[in-house]
Amino acid sequence: MRILFISNYFPGDLGPLARELAAAPENEVLFASNRQRKDFALPGVRRVRLKNAPLFGEAAPEVPGLWEETVRRGSWGLRSLTSLRQSWGSPDIIFATLAGGAALFAPQAFPGAFLVAYAETGLKNFALLPGEARRAWAILQSTLFLQADLCFAMSERQRRLFPSPLRESLRLAPPCVDTELFSRAAARPWFEGAEAPDGPLLTLDATGLDGAPLAALLRLAHAVLRALPACQAAMLTENSRLREALEAAANTWADGCRPRFAAHASLPFGRYRDLLAASSLVVCPGQGDAAERAMLEAMSCEALLMARPEAANFLRPGVNMLEFPANDAPAAVLAALEARPRDGEPAPQARMARRNVLVHFSEAVVVPRHLAGVMRAYAAWKKDRGA
């Protein structure tokens with residue numbers, strides 16, 4: 001079977017599906033994307049680069065410009081996909097996101113293929129964009145979805161962004177984590193070239209936060225660093241603008257805490273995993289799809305997670321994580337850090353979190369089950385066509 005993937009980023013959300021399908025010798029799998037990790041490969045998957053830069057930078061796009069640019073990129077994508085059809089042939093199945101517009105006319109390039117469409121965030125810093133921009137992006141994706149044979153959203157929250165006539169037809173694709181990569185066993189030391197500090201490492205994930213909530217999280221970091229002189233704190237944010245703002249604010253601290261604080265935007269994949277695995281506590285107070293993914297990655301690394309229980313349905317306070325309180329967060333964080341195991345082993349809640357992820361959210365469990373459903377739909381589609 002000939003299978004084509006079209007996505008904004010390789011490997012991205014569709015990478016696990018491509019890897020699973022490529023493991024079957026009867027499949028020929030090609031992955032076309034706008035951006036690629038040069039240091040990463042999927043066995044048996046051939047890569048093709050679509051020549052598109054990220055759709056927008058860090059500034060929030062205006063809705064009319066978003067439509068215009070996406071359609072323009074769709075016309076470029078159509079030329080690339082038509083050329084691919086001439087050199088490679090037509091696929092039996094296409095797995096596609098809108099890919100920044102590149103896949104907008106994929107049904108016209110390959111009219112005989114079974115099209116499986118997936119919702120994506122696509123735009124940089126999606127969680128920080130105004131609601132009208134996020135809704136416009138969903139409507140643009142609807143153009144592709146209305147031509148697809150099978151459609152998936154990555155969460156109920158994401159599905160609600162789509163217009164109501166289409167929303168009910170979107171199935172849910174459960175989140176999953178590569179539990180082999182996101183593990184303490186695979187991680188390297190976070191502190192390189194020097195002996196690791198004796199104190200705890202606190203990681204604060206600011207995914208989806210800006211303005212007052214982001215400032216409050218920085219004040220939390222500062223309070224903990226003042227109370228625990230041996231503590232180190234790392235803060236993860238979504239872009240260089242926010243990172244620079246955090247660093248500028250931290251530079252005003254006059255109490256000696258600044259050298260023990262670091263802000264990061266877009267850490268290399270391996271270093272991000274290493275940070276999670278080394279963390280004594282990961283605080284993730286945000287909500288949304290990106291925050292949910294970050295929580296699962298931390299849990300897979302057996303990092304003790306502190307979050308708002310209502311942020312995801314897999315969070316169980318006291319069982320697989322700790323609750324981020326509405327009031328007096330510094331006291332709760334300090335208590336969690338003081339109670340950490342001193343032998344370097346994960347906290348009991350962190351060990352349970354890893355077990356939960358392995359059972360319910362591991363790629364090894366989720367991906368085969370998801371693909372089995374897709375293949376049943378494909379077989380029914382072929383039967384209806386008399387193929």
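The values are calculated or read from the model by the stated rules, or taken from the named source; none is laboratory data. The shown structure was predicted, so the numbers you read here are calculated from the model rather than taken from an experiment. Don't worry about glycine lacking a Cβ; one is built from the backbone with ideal geometry, like all the others, and counts go over all protein chains shown. Note: areas computed on protein heavy atoms with side chains; ligands, DNA, RNA excluded. Shrake-Rupley method; radii C 1.70, N 1.55, O 1.52, S 1.80 Å.
Structure notes:
- Centre-to-centre, using Cα atoms only, segment 98-173 and segment 220-268 are separated by 36 Å.
- The fraction of accessible area contributed by carbon and sulfur in segment 149-266 is 52 percent, rounded to a whole number (1.4 Å probe; ligands and nucleic acids excluded).
- Alpha-carbon Debye profile of segment 194-255, log10 I(q)/I(0) at 0.18, 0.27, 0.30 Å⁻¹: -0.66, -1.23, -1.37
- In whole percents, the pair-distance distribution calculated for segment 178-287 from its alpha-carbon pairs, binned every 10 Å from zero, is 14, 47, 33, 6, 0.
- Choice from SER87, SER33, SER169 showing the highest fluctuation, given a GNM over the chain with Cα pairs closer than 10 Å: SER87
- Most fluctuating residue given options PRO325, PRO346, PRO43, as computed from a GNM of the chain linking Cα atoms under 10 Å: PRO43
- Our note on the geometry: Cα centres of segment 68-86 and segment 280-333, 41 Å apart.
- Probing with 1.4 Å while keeping every protein chain in the model, the per residue accessible area of the chain equals 45 Å².
- Residue-averaged 222 nm ellipticity for the chain, from DSSP H runs of 4+ at -39500 (n - 2.57), nearest 500: -12500 deg cm²/dmol
- With the alpha-carbon atoms of segment 285-357 aligned to their principal axes, the span from lowest to highest coordinate is 33, 30, 17 Å, starting with the largest.
- Cα-based convex hull volume of segment 71-213 per residue, rounded to whole Å³: 197
- Using the Cα coordinates of the chain, the gyration tensor eigenvalues translate into equivalent-ellipsoid semi-axes of 39, 23, 19 Å, sorted from longest to shortest.
- Within-10-Å neighbourhood charge of ASN34 [Cβ basis; K, R +1; D, E -1]: +4
- Surface share of carbon and sulfur [accessible, 1.4 angstrom probe, percent] for segment 277-377: 52
- Cα-projected label distance for ALA196 with LYS382, points at 7 Å along beta-carbon direction, nm: 5.0
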